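The values are calculated or read from the model by the stated rules, or taken from the named source; none is laboratory data. Because the structure is predicted, anything quoted here is derived from the model rather than measured. Note: ideal-geometry Cβ built from the backbone for every residue, glycine included; neighbour counts use all protein chains shown. Surface accessibility is based on the protein's heavy atoms, side chains included, excluding ligands, DNA and RNA. Shrake-Rupley method; radii C 1.70, N 1.55, O 1.52, S 1.80 Å.
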Amino acid sequence: MLGNFDLNSPELKALVQNTSENELVEIMLDSLKQLYNNPEQLKQFLSTLPPMVRQQFGSMRPSDEVLRPMAKMSAQMLRSQITGGSGTENMLMQQAQEMMKDPSMGDFLTSMTGLPGGTQMGDQEPPAEWGRLMNRGFAAMTADDSAEAEDCFLQALQLVEKDVPDKLCMYETLQHLTSFYLHEERYDEAEPFLQMWIKRGEKLFGAEHVILTGAYVGLATVREQQKKTSDAEVLYNRALSIADKQLAAEPDALSGIRENIGTFYERSKLYNKSDLLFQSALALKERAGINVELAEQLLRYGLILVDRGGNHTAKARQHIERALRIKEQKLQADDPDLLRSRTALGAMECALGNHDEAEKILMPAVAALEKVVDDKEDLIWPYEQLKKLYEARGNKEEAEQVSKRLSELE
């Protein structure tokens, strides 16, 4: 339904008018799931979204916990469109606030912000102006209007600091403001608000609440950018300690946090620690299901091992080949994700010195990607691997041609 429906369709109007609210939510949920099972329809649907939303929506894990809040919101919006023409600004704001109150919205907002914890509104009603400012901020973020988004979130923070400094909407504002700054890579500006987030979160939820993991991960990221590696490690481990206690029944969420912290140890070249976290993250991800997300995680770990080189290459091959097998079962032959995985396999063969095998894999994969990707930036890494292959073989003319193509893409 979501991929290609016409609001003026008599059949759609009849369906909405003759279906209960709960039934419509289930229909929308099923439609969202079908999108993830049909790469062409998902690609068409994502192309209608603003860039930031397209990127985050496309990477979300398609579980009921994540998709149901969006299905509920989509059902409300669709019914408003069909029965009332189009929703008013106040009505849209109220619907957005209601969606955010849903406890399951935490998984969705975790996907959108990249920080664990999500959000919980609680029973306290925030000021109406706060809601309008926050919704304007969200709209500006989806339109990639950073200045407007920042201004709205800062105004919202001033409002709740003045009127309701001890209520849950204060925490809400800090969470989204810090997520915004981290997304923009404005780490020094994020730091004081992350400190406030921790202070407010501990007061509102207690020191061991899972919702604080996002603040600790965010602050650790800031410390890492400031080259304060020891401080960053303490904060990452604080986040991990909370997550291990509170997310034992949610293997998918815990997997993401463990992988995130594993990349910190990888960057620090503490491979024993990073391997333990990566391997436990993979085990948790597999408990959540054998799917494309597991394949992506296998691929990421495999490429990390390729970069290390040495005696890690056998394990790298094992992970990359398994990722490719999963994607071949789940995706169509021309799906960009599958083609990128083939590119990764070719890059691994090149790194191992198997240049003939690498060329057999890389050339058709890159040629196929040229035909199917919408964002040309997605071609940069595959072409970089092809350039490395030609340089390794001493094919200067071919390497120069690839360099020209990379210049066009960049």
(message) How large a share of the accessible area of the range 269-344, in percent, is made up of carbon and sulfur atoms when the probe is 1.4 Å and the other protein chains stay in place?
(response) 51 percent
(request) Could you rank the peptides 26-33, 307-314, 176-183, 151-158 by their average count of other C-beta atoms within 10 Å per residue, with the highest value first? (result) 176-183, 151-158, 26-33, 307-314
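Between E202 and E328, take the C-beta separation as r, use R0 = 56 Å, and let me know the FRET efficiency to the nearest 0.05.
The formula returns an efficiency of 0.75 here.
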(request) Could you go through the range 239-248 in sequence order and give the Karplus-derived ³J(HN,Hα) for each residue, using 6.51 cos²θ - 1.76 cosθ + 1.60 with θ = phi - 60°, rounded to whole Hz, and x for Gly and Pro? (result) 4, 5, 4, 5, 4, 4, 6, 9, 10, 4
(request) Could you go through the range 387-393 in sequence order and give the Karplus-derived ³J(HN,Hα) for each residue, using 6.51 cos²θ - 1.76 cosθ + 1.60 with θ = phi - 60°, rounded to whole Hz, and x for Gly and Pro? (result) 5, 4, 4, 5, 5, 5, 8
(request) Kindly report the accessible area of the range 269-342 per residue (heavy atoms of protein chains, probe 1.4 Å, no ligands, DNA or RNA), in Å². (result) 51 Å²
(request) Measure up K273/K396; K330/K387; K269/K327 against 32 Å on the Cα-Cα distance and list the ones that go over. (result) K273/K396
(request) Note down the net charge around L389, summing +1 for each Lys or Arg and -1 for each Asp or Glu among other residues with Cβ under 13 Å from its Cβ. (result) -2
(message) Can you give me the distance in nm between label points at A367 and L270, each placed 7 Å from the Cα along the Cα-to-Cβ direction?
(response) 4.7 nm
(message) Using +1 at the C-beta of Lys and Arg and -1 at the C-beta of Asp and Glu, which of G346, I320, A358 has the Cα lying farthest in the positive direction of the dipole of the range 310-385?
(response) I320
(message) Could you derive backbone 3J(HN,Hα) for the range 396-407 from the dihedral phi with the Karplus parameters 6.51, -1.76 and 1.60 (θ = phi - 60°), listing whole Hz in sequence and x where the residue is Gly or Pro?
(response) 5, 5, 5, 5, 5, 5, 5, 4, 5, 5, 5, 4
(request) Please give the peptides 217-228, 295-306, 371-382, 339-350 ranked by average Cβ packing (other Cβ atoms within 10 Å per residue), highest first, as a rough proxy for protection. (result) 339-350, 295-306, 217-228, 371-382
